[in-house]
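Worksheet: the structure to be examined is printed underneath.
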Amino acid sequence: MRIRKDWSSWDPGMSFKTLPGAMGIYEIADEQKNCIYISYAGGASPYGLRGELYAIFGMPAGADKWNWSHPHPESIPAEVKQRAKYYRYEVTHNYYSRWIEDLTRFSEDYETLPELNKLATAPRAPHLGRYHWKSEGI
Amino acid sequence: MDMQRTEEQQLIIDTVRKFIREEIRPLEADLDPDAYELNPEDDERLRAMVKEMGMYQMGLPVEYGGPGVDIVTRTMLAEEMSQHRAGLYAPAYGAFGSSPPEHLYKGTDEQKEKYLYPVIRGEKHAFFGLSEPSGGSDPARSIRTRGVRDGDSWVINGGKLWNSGADTADFGIVYVRTDPTKGRQGITAFLVDTDTPGFRVQRLVQVLRSHYTTELSFTDMRIPHSQILGEEGGGFALANDTLAHNRIPYASACLGIAVYAQELAIEWAKQRVTFGEPLANRQAIQWMLVDNEIDMRTSRWIALDAAARAQRGESFRFESSMAKLLCTEAAGRVIDRCMQIHGGLGMAKDMPFERWYREVRIRRIGEGTSEIQRVVMARDLLNVRSGS
Ligand SMILES: Cc1cc2nc3c(=O)[nH]c(=O)nc-3n(C[C@H](O)[C@H](O)[C@H](O)COP(=O)(O)OP(=O)(O)OC[C@H]3O[C@@H](n4cnc5c(N)ncnc54)[C@H](O)[C@@H]3O)c2cc1C
């Protein structure tokens, strides 16, 4: 199953409470709304989806007063941070297998991984399976 | 009955134990809590190490180039290899290699060339296709996937559910109803390549564990007659035979995570102080630890007894069902108590318990549910089995 949500554009002015601190998967799109990166906030992610998305889109002005920020922002490839314009996410305890599922769907449809998942600096994708069909939006 | 380990068994067990503690557990500190694969460099390095130690694919029979370690030792090893966070479903992250599905040893020479040897060499992977949406407990009645003979091949239509690894497999052993008038004798096992036209992974089915299963559909899938594994109509007997064997190491792997959980709980109980005293001094906690030990030791005994019977060539169906039932349920209770002893920490992703708790729950369903194990045992009892 895909992440069944529209793309959201990043609003630096939004309250951080809008984003969940929970585990889950997320997709990042470029200016043309092409999905360029699929990743997850796992059990070891310090601030869940919120922490991952802030690490990608950048902390807003005044955030230095916040008592949290991602301790390993370098774990996200710089290219993702440079090109990220839109995001969508799904809160799920099954982040690991959903991540694989989302990557599998993508690679089945486009016969390749999302562009920035192919970077050597991106989290290594596990061995992916095949559906033998196009997912056609499912 | 002598359950004393032989010197050789002790040596192998000590080596595996050391490997799990010194090579596998430290790597888990840097992996996601739900990960079930190592990064490729570590994977390669550890496999090479195991091969060097002469311990790769220990269950592989001698005639196929393996060391042919017996089922009692394999049962003991299954308990050792699972003693880490991912250990229940990914023991040692596969560093010891896996043996092919036992069904494949029953194939023709041609089938062995095409499937068995590539699996042994790690070039091909298989899935097991028995369960269907219509039910997994009673496959003899519930299999609806239908095969119709057409000249030299069979046309197969239908689907399967819960097939672990089918999306990454190269082929599967798929059970098909080839004669609807014959009940269990009307089921045939086919070797099906996953790139056969008409074979589809319909969806990935997310479950409690960090790996999913699949739902498959077959549409006019044409499979040559030569792809039948065993006899036409002999699929059910083939499935039953191998399931009974697999149940024993499957059961004892559950004990491995219980052993590790108990170790952690004892350590924690000694160091955690509440109301001025370590938890270990509280009778409520002591009893939980003792109950854990009773659960583990009794079920280990039953699993080893089943393995010993299988090794001696005696009937072991009853005992393997009992082992599967006891070990899976006992391990669930042990993990649950260890979580309780750890309080909030027992629920956190920082510790392995929550993963074990989810995964061990599945073990009461997979490879025949607890109820079906009781059904198997009851049948045996009521038929007044000899030799017990
Ligand atoms: C994670 C996972 C992985 C799996 N992997 C595979 C795989 O790779 N290949 C494969 O073929 N299958 C696989 N299975 C399927 C598994 O073997 C079946 O789920 C199992 O056999 C039960 O079948 P069912 O789900 O259809 O339940 P049902 O058969 O519908 O049973 C439902 C409930 O009724 C109980 N019940 C049934 N009959 C009786 C009875 N006579 N008396 C009392 N109680 C009864 C059962 O114990 C169960 O509790 C997997 C399942 C899971 C969850």
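Screening the candidates B:Asp179, B:Asp167, B:Asp150 for the property of being acidic (Asp, Glu) and buried (at least 23 other Cβ atoms within 10 Å of the Cβ) yields one hit, B:Asp167. Among the residues in the stretch B:334-350, are any modelled with pLDDT of 95 or more and closer than 13 Å to B:Ala251 by Cα? Among the residues of the stretch B:334-350, not one is modelled with pLDDT of 95 or more and closer than 13 Å to B:Ala251 by Cα, which makes the answer no.
Looking only at residues in the stretch B:141-164 that are out of contact with any Ser or Thr (no Cβ under 6 Å at 6 or more places or on another chain) and within 12 Å of the ligand (Cβ to nearest atom), the one that is farthest from the other protein chains (Cβ to nearest Cβ) is B:Arg141.
For the stretch A:86-112: of the residues being away from chain B (no Cβ under 14 Å) and without any contact (Cβ under 8 Å) to a residue 40 or more places away in the chain, which is surrounded by the most Cβ atoms within 10 Å (Cβ to Cβ)?
Here is the first cut: in the stretch A:86-112, the residues away from chain B (no Cβ under 14 Å) are A:86-89, A:110-112.
Then drop every residue that is not without any contact (Cβ under 8 Å) to a residue 40 or more places away in the chain, which leaves A:110-112.
Working: A:Tyr110: 13, A:Glu111: 7, A:Thr112: 10.
This residue is A:Tyr110.
For the condition away from every other protein chain (no Cβ under 13 Å) and either more than 20 Å from the chain's Cα centre (by Cα) or not β-branched (Val, Ile, Thr) (or both), what is the one hit in B:Asp195, B:Asp138, B:Asp167?
Details: B:Asp195 fails: away from every other protein chain (no Cβ under 13 Å); B:Asp167 fails: away from every other protein chain (no Cβ under 13 Å).
One residue alone meets the criteria, B:Asp138.
Take the stretch B:218-236 and flag every residue that is part of a helix (DSSP H, G or I) and touching a helix residue (DSSP H, G or I) at 6+ places or on another chain (Cβ under 8 Å). Let's see the steps before the verdict.
To start, the set of residues in the stretch B:218-236 that are part of a helix (DSSP H, G or I) comprises B:225-227, B:235-236.
Matches in the stretch B:218-236: B:Ser226, B:Gln227, B:Phe236.
Listed conditions (1) at the interface with chain B (Cβ under 7 Å from one of its Cβ atoms); (2) in a helix (DSSP H, G or I); (3) touching a strand residue (DSSP E or B) at 6+ places or on another chain (Cβ under 7 Å) are all met by A:Leu116, apart from (1).
Collect the residues in the stretch B:88-122 that are within 14 Å of another protein chain (Cβ to nearest Cβ), more than 16 Å from the ligand (Cβ to nearest atom) and surrounded by fewer than 20 Cβ atoms within 10 Å (Cβ to Cβ), keeping them in residue-number order. Lay out the reasoning, then the answer.
Restricting attention to the stretch B:88-122, the residues satisfying the condition of being within 14 Å of another protein chain (Cβ to nearest Cβ) are B:89-90, B:93-94, B:122.
Subset that is more than 16 Å from the ligand (Cβ to nearest atom): B:93-94, B:122.
Of everything in the stretch B:88-122, those that are within 14 Å of another protein chain (Cβ to nearest Cβ), more than 16 Å from the ligand (Cβ to nearest atom) and surrounded by fewer than 20 Cβ atoms within 10 Å (Cβ to Cβ) turn out to be B:Gly94, B:Gly122.
For the stretch B:347-372, the candidate set comprises residues that are crowded, with 22+ Cβ neighbours inside 10 Å and within 19 Å of B:Glu132 (Cα to Cα); within that set, the residue that is nearest to the ligand (Cβ to nearest atom) is B:Gly368.
Here's the yes/no breakdown for (1) of a type outside the set (D, E, K, R); (2) touching a Gly at 6+ places or on another chain (Cβ under 8 Å); (3) more than 14 Å from every other protein chain (Cβ to nearest Cβ):
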{"site": "B:Arg203", "(1), (2), (3)": "no, no, no"}
{"site": "B:Arg209", "(1), (2), (3)": "no, no, no"}
{"site": "B:Glu215", "(1), (2), (3)": "no, yes, no"}
{"site": "B:Ser226", "(1), (2), (3)": "yes, no, yes"}
{"site": "B:Glu231", "(1), (2), (3)": "no, no, yes"}
{"site": "B:Gly234", "(1), (2), (3)": "yes, no, yes"}
{"site": "B:Leu238", "(1), (2), (3)": "yes, yes, yes"}
{"site": "B:Ser252", "(1), (2), (3)": "yes, no, yes"}
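Per the listing B:Leu255, B:Leu216, B:Leu264, B:Leu204, the residue uniquely in contact (Cβ under 8 Å) with a residue 24 or more places away in the chain and under 26 Å from B:Leu116 (Cβ atoms) is B:Leu216. Does the stretch B:314-323 contain any residue that is acidic (Asp, Glu), crowded, with 18+ Cβ neighbours inside 10 Å and in a helix (DSSP H, G or I)? Yes: the stretch B:314-323 contains one or more residues that are acidic (Asp, Glu), crowded, with 18+ Cβ neighbours inside 10 Å and in a helix (DSSP H, G or I).
When B:Pro133 is tested against (1) over 30 Å from B:Gly87 (Cβ atoms); (2) surrounded by 17 or more Cβ atoms within 10 Å (Cβ to Cβ); (3) more than 14 Å from chain A (Cβ to nearest Cβ); (4) within 14 Å of the ligand (Cβ to nearest atom), just one condition goes unmet, and that condition is (2).
Summed over the stretch B:164-217, residues that are under 15 Å from B:His125 (Cβ atoms) and part of a loop (DSSP other than H, G, I, E, B) total 10. Mind listing just one residue for me: the one in the stretch B:244-259 that is crowded, with 22+ Cβ neighbours inside 10 Å and not small (Gly, Ala, Ser) and, of those, nearest to the chain's Cα centre (by Cα)? The extreme case among them is B:Tyr250. Could you say whether any residue in the stretch A:47-63 is within 14 Å of another protein chain (Cβ to nearest Cβ), part of a strand (DSSP E or B), within 30 Å of B:Thr168 (Cβ to Cβ) and not acidic (Asp, Glu)? No. Filtering the stretch B:270-305 to residues that are touching a residue at least 60 places away in the same chain (Cβ under 8 Å) and under 32 Å from the mean Cα position of the chain (by Cα) leaves B:Arg300, B:Trp301, B:Ala303, B:Leu304, B:Asp305.
The C-beta contact set for the stretch B:347-362 (first residue farther than 14 Å from B:His211 by Cα, second residue more than 16 Å from the ligand (Cβ to nearest atom) and of a type in the set (Val, Ile, Thr), distance under 7 angstrom, 6+ apart or interchain) comprises B:Phe353/B:Ile335; B:Tyr357/B:Ile335. When the stretch B:143-168 is filtered for residues that are more than 20 Å from B:Arg203 (Cβ to Cβ) and without any contact (Cβ under 8 Å) to a residue 40 or more places away in the chain, the ones remaining, listed by number, are B:Arg146, B:Val148, B:Gly151.
The values are calculated or read from the model by the stated rules, or taken from the named source; none is laboratory data. Just so it is clear, the structure is predicted and the values come from calculations on it, not from any experiment. FYI the Cβ positions are ideal-geometry reconstructions off the backbone, even for glycines, and counts take in every protein chain you see.
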